[in-house]
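The values are calculated or read from the model by the stated rules, or taken from the named source; none is laboratory data. Note that this is a predicted model, so its numbers are computed, not measured. Ideal geometry is used to build each Cβ from the backbone, glycine not excepted, and the neighbour counts take in all protein chains shown. To get the accessible areas, we keep the full protein, side chains included, count just its heavy atoms, and leave off ligands, DNA and RNA. Shrake-Rupley method; radii C 1.70, N 1.55, O 1.52, S 1.80 Å.
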2 protein chains.
Amino acid sequence: MDIAIVNSWLLTFQNNSLGIVKDGAIGIEDGKISFVGKTSEIDKTDVDTLIDGSNHVTMPGLVNAHIHTSMTLLRGGAQDLPEIEWMNKGIGPIANHMKPSDIIVGSKLGVIEALRSGTTTFAEYSTNVSKLVDEIYLPFGARVVATETINEVSKNRAHLKPTDIYEFDRTKGEKAFKQACELFKKYQKKELVTSMFGPQALDMISLELLQIVKDEAIERKSGMHLHVAQGERERLQIVGRFGKNASTVKVLNEYGFLDEYLLGAHCHDTSIDEREKMVSNGVKMVGCPSSISMIDGIVPPVGHFVSLGGKVGLGSDQAPGPGLHNMFCEMRTISIITKTMMRDPTALPAWEVLKIATGGGSQVLGLEDKIGSLEVGKQADIITIDLSKPNLTPVVDFPFHTFIPNIVYSATGYEVDNVIISGKEVIIDSKFVSINEQEIINDATQRSQRIFRDASEDWMKADSLLVKKVKNGLL
Amino acid sequence: MDIAIVNSWLLTFQNNSLGIVKDGAIGIEDGKISFVGKTSEIDKTDVDTLIDGSNHVTMPGLVNAHIHTSMTLLRGGAQDLPEIEWMNKGIGPIANHMKPSDIIVGSKLGVIEALRSGTTTFAEYSTNVSKLVDEIYLPFGARVVATETINEVSKNRAHLKPTDIYEFDRTKGEKAFKQACELFKKYQKKELVTSMFGPQALDMISLELLQIVKDEAIERKSGMHLHVAQGERERLQIVGRFGKNASTVKVLNEYGFLDEYLLGAHCHDTSIDEREKMVSNGVKMVGCPSSISMIDGIVPPVGHFVSLGGKVGLGSDQAPGPGLHNMFCEMRTISIITKTMMRDPTALPAWEVLKIATGGGSQVLGLEDKIGSLEVGKQADIITIDLSKPNLTPVVDFPFHTFIPNIVYSATGYEVDNVIISGKEVIIDSKFVSINEQEIINDATQRSQRIFRDASEDWMKADSLLVKKVKNGLL
């Protein structure tokens, strides 16, 4: 046996329960889980690496089902802005000064931050995603669902009025589509890499190309990860193209895209009827609670989709929105903002949120046979959480297990001290095994300082609400 | 000079700005701040302890303006329950099995957790609060606003219907009031201890005793910290006693209690008019975002009070509500739930929240002359935050300071590595100087396991929603 974790609390998530095991043990061999059970039953004589899991929870790694790490160098760059200013006056003027190599370093920063807080699977959604796979995910040993952004619109739309319909450039879209197709072959033999198609959003792609993408997704037994119903800007485009009663979900339904091949991100500008239709048609959903609340002041409809029986995952989106790539933060946030939205403290309880952030994420990404639970034969994507911190004390197991709510409401992510992905140790005792964290942090800092400095004139000129605050000494 | 922190980013909070100083230094002598300025200007030749604050933010300690640490052993004991069950079927049956010594150990646990995450001042609200002051706050060196709970109602009200009016027992109330008065003399010479009166809530005290308390508060130049308008249960009592149009705020106003001597906690069951009246009369407010959202599914009206120009602080209430005693969590939470409630991402921006959690807290507790900013002559209650963590990277200072939003939205509390209170080092390099953390954690765990075990039969019988979930293996 390569690795065994013993004496631990297990959360196996088997059979739609949390699968709590006391004094549990996990065995790992050839990247897969080879034993799940009681410590007393595991054969410890032939174990290469024995990890003592006393006073720890051992559970499946967290699944970040929607993440753009490429913007991590801009963390703190556009918080507290009106939604209408966020992109054009906030992030945009700074992002324009990023070089391709800045994106790589920022992405590295985002990935180490997420690994530290227990994320083992990343649905990375990016242009030129294979660069991130080659330079970050594979060398770092993190599981990635590589999702190439496919859109047909020009980047420079600043001159357009919101009601002006975007022009489509099929060549651009087909180039990205081709890149997306190549991922499947390129990473065919890489256990850590799978792929989904990433048509960006219905306002940014033609129905023709969307159909081509979908046919290919079916052919490759994959899926489409689409930003769905993100608000006013998208709605105006949809109305302009499809008529005044149109909405993203209605159009997707009318043209046959509302089915199990679709994973919709965000989905906040949807009606109750539309959500019911989505769930009954098998559409999956991923919510990014911190991002959507920070950028839009909106609660993503995660609670509603869950209550309808839909398959739901959680993601962190990009750093200049939520501030971080930390699934513990996303778990706590979605529960609390759903409770306050519904004025119901029982909404999205801890056990539900834990399932969403593990098994739920694996389902929406089509990885439920590989990850999301501790079962013999599944990939060994496993984290341990140190319960002996003041904020996770006390640990009580009778008449119930207080560590279930405490992991969701009291943990910060820093309590994760071992991270194993596909049987390889990425973090041991809170230290990266082979990633030079400090080098990445230093590089990221220097680059960001240069980017922000280079962008300062453009940023000031854009004159967002933040510029005024800077002049008042508040930022 | 006893201590100097040099090469640091300062947030001084002087003159109603954040007071950002680059390459800043703080000098500490005899418990007070003796220097605030540039590192180049401080005299380093005669410094006993020199702390390098490179890549750190140095700022005033956080003020937890409403905390009951006594329930910390019950962390995780009642999450995700309906509000109506929370006390009677959730916490109550377990709390009944706590011994006085359990309260002390739980309180210790809550205090070390809060110290670790940068809280230096605690508005501790408790029965027999002087025990906590003597056994915890003074030996731990933490600043406390000792607040003795004063009420006139019997603990055992379980047999009453919600519309049955509580009987008052003046003897009980006066005994607590006497205890409250004694605090002033007892701690007269203790720099770390001040005191406020804690009439629990208008439904739990007679107007006569409340007037006696207020007179004494004026006499002693102190204030009254009252739970205000906590919801239906309170409202039914107020209506029963004062007539069908009565509300807590209306009654307080009518009888002359709505003035600058009043600090109202929670205040969520208040109308817009009532809040305007409160603020214009000088009433202060403290909000506990995680607790009120977790227990009631409600957003405390912190944002509204701030927009009216009111003095506002933040608190963590008790652990079985929010899950933790971590002011970083409260800062992030109040901003996000206010944004989503108001559907406005600009609501309660980072700089505002930082001011609430420091200077705001000091104002509502009547400590603004002592703490809440870095100024020569003020008490040296100071924390440093390590910015060199992945989640706080990058640090950019031009054209604006990204660490301001990052401290509020990305920090978890674990980044606090030095805590100084009244010039004494409580935590250095993330380690407690003289508190045996592990001993407290072990003691807390053993006691909690006993309490929950002893309570199990009562808890099962109470048959809350959680009991059903335990039977389903979800807790």
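Against the conditions (1) surrounded by fewer than 18 Cβ atoms within 10 Å (Cβ to Cβ); (2) over 14 Å from B:THR119 (Cα atoms); (3) within 12 Å of chain A (Cβ to nearest Cβ), B:SER448 satisfies every one except (1). Taking the conditions (1) away from every other protein chain (no Cβ under 11 Å); (2) of a type outside the set (A, V, I, L, M, F, W, C); (3) touching a residue at least 60 places away in the same chain (Cβ under 8 Å) in turn, B:ASN436 satisfies each one other than (3).
Please tell me if A:TYR409 is within 7 Å of another protein chain (Cβ to nearest Cβ), over 23 Å from B:LEU387 (Cα atoms) and crowded, with 16+ Cβ neighbours inside 10 Å.
Yes, satisfied.
Pick from region A:323-346 the residues that are at the interface with another protein chain (Cβ under 7 Å from one of its Cβ atoms) and part of a loop (DSSP other than H, G, I, E, B): which of them is surrounded by the most Cβ atoms within 10 Å (Cβ to Cβ)?
Filtering region A:323-346 for residues at the interface with another protein chain (Cβ under 7 Å from one of its Cβ atoms) gives A:323-324, A:326, A:333, A:336-337, A:339-346.
Applying the additional criterion that residues be part of a loop (DSSP other than H, G, I, E, B) yields A:323-324, A:326, A:343-346.
Details: A:GLY323: 27, A:LEU324: 28, A:ASN326: 30, A:ARG343: 13, A:ASP344: 16, A:PRO345: 27, A:THR346: 16.
Among those that are at the interface with another protein chain (Cβ under 7 Å from one of its Cβ atoms) and part of a loop (DSSP other than H, G, I, E, B), it is A:ASN326.
On inspection, A:ILE385 qualifies as of a type in the set (A, V, I, L, M), in contact with a strand residue (DSSP E or B) (Cβ under 7 Å, 6 or more places away or on another chain), assigned by TED's automatic domain parsing to the domain that holds A:SER34 and within 19 Å of A:GLY24 (Cβ to Cβ).
Is at least one residue of region B:373-390 at the interface with chain A (Cβ under 10 Å from one of its Cβ atoms) and in a helix (DSSP H, G or I)? Checking region B:373-390: at least one residue is at the interface with chain A (Cβ under 10 Å from one of its Cβ atoms) and in a helix (DSSP H, G or I). Of A:LEU210, A:LEU236, all but one fail to be assigned by TED's automatic domain parsing to the domain that holds A:VAL299, open to solvent by less than 70 Å² (accessible area, probe 1.4 Å) and touching a Phe, Trp or Tyr at 6+ places or on another chain (Cβ under 8 Å); the exception is A:LEU210.
Run down A:GLY310, A:GLY366, A:GLY361 and say which single residue is in contact (Cβ under 8 Å) with a residue 60 or more places away in the chain, in a loop (DSSP other than H, G, I, E, B) and more than 11 Å from every other protein chain (Cβ to nearest Cβ). Explain how you work it out, then say what you get.
Working: A:GLY310 fails: in contact (Cβ under 8 Å) with a residue 60 or more places away in the chain; A:GLY361 fails: in a loop (DSSP other than H, G, I, E, B).
Going through A:GLY310, A:GLY366, A:GLY361 in turn, the sole match is A:GLY366.
Scanning region A:14-37 for residues that are farther than 22 Å from A:GLU191 by Cα and more than 14 Å from chain B (Cβ to nearest Cβ), we see that the one that is most open to solvent (accessible area, probe 1.4 Å) is A:ASP23.
Residues A:ASN442, A:ASN418: which one is away from chain B (no Cβ under 11 Å) and either out of contact with any Cys (no Cβ under 8 Å at 6 or more places or on another chain) or in a loop (DSSP other than H, G, I, E, B) (or both)?
Result: A:ASN418 is the single residue among A:ASN442, A:ASN418 that is away from chain B (no Cβ under 11 Å) and either out of contact with any Cys (no Cβ under 8 Å at 6 or more places or on another chain) or in a loop (DSSP other than H, G, I, E, B) (or both).
For A:ILE420, are the conditions met, namely being within 22 Å of the chain's Cα centre (by Cα) and more than 30 Å from A:ASP80 (Cβ to Cβ)?
Details: within 22 Å of the chain's Cα centre (by Cα): yes; more than 30 Å from A:ASP80 (Cβ to Cβ): yes.
Taking the combined requirement at face value, the residue satisfies it.
Considering only residues that are open to solvent by 20 Å² or more (accessible area, probe 1.4 Å) and of a type in the set (S, T, N, Q), which ones fall in region B:155-203? Passing the criteria: B:ASN156, B:THR163, B:THR171, B:GLN179, B:GLN188, B:THR194, B:GLN200.
Here's the yes/no breakdown for (1) polar (S, T, N, Q); (2) on the phi < 0 side of the Ramachandran plot; (3) more than 9 Å from every other protein chain (Cβ to nearest Cβ):
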site: A:THR39; (1), (2), (3): yes, yes, yes
site: A:THR58; (1), (2), (3): yes, yes, yes
site: A:VAL63; (1), (2), (3): no, yes, yes
site: A:THR72; (1), (2), (3): yes, yes, no
site: A:GLN79; (1), (2), (3): yes, yes, no
site: A:ALA95; (1), (2), (3): no, yes, yes
site: A:MET98; (1), (2), (3): no, yes, yes
site: A:PHE122; (1), (2), (3): no, yes, yes
site: A:TYR125; (1), (2), (3): no, yes, yes
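The residue that is nearest to A:MET331 (Cα to Cα), among those in region B:284-307 that are open to solvent by less than 10 Å² (accessible area, probe 1.4 Å) and more than 14 Å from chain A (Cβ to nearest Cβ), is B:VAL286. Checking region B:85-95 against the condition returns a match, with at least one residue being surrounded by fewer than 17 Cβ atoms within 10 Å (Cβ to Cβ), touching a residue at least 60 places away in the same chain (Cβ under 8 Å) and in contact with a helix residue (DSSP H, G or I) (Cβ under 9 Å, 6 or more places away or on another chain).
Taking the condition in contact with a helix residue (DSSP H, G or I) (Cβ under 7 Å, 6 or more places away or on another chain) and open to solvent by 40 Å² or more (accessible area, probe 1.4 Å), does B:GLU368 pass? Judged against the criteria, B:GLU368 is a match.
Listed here are the residues, each with its yes/no results for (1) of a type outside the set (Val, Ile, Thr); (2) open to solvent by 20 Å² or more (accessible area, probe 1.4 Å); (3) farther than 28 Å from B:THR12 by Cα.
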site: A:GLN438; (1), (2), (3): yes, yes, yes
site: A:TRP459; (1), (2), (3): yes, no, no
site: A:ALA462; (1), (2), (3): yes, yes, yes
site: A:LEU465; (1), (2), (3): yes, yes, no
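Checking the stated criteria, A:ILE292 turns out to be in contact with a His (Cβ under 9 Å, 6 or more places away or on another chain) and of a type in the set (A, V, I, L, M, F, W, C). Taking the stated definitions as given, is B:LEU132 in a helix (DSSP H, G or I), open to solvent by less than 30 Å² (accessible area, probe 1.4 Å) and at pLDDT 95 or above? So B:LEU132 passes the test.
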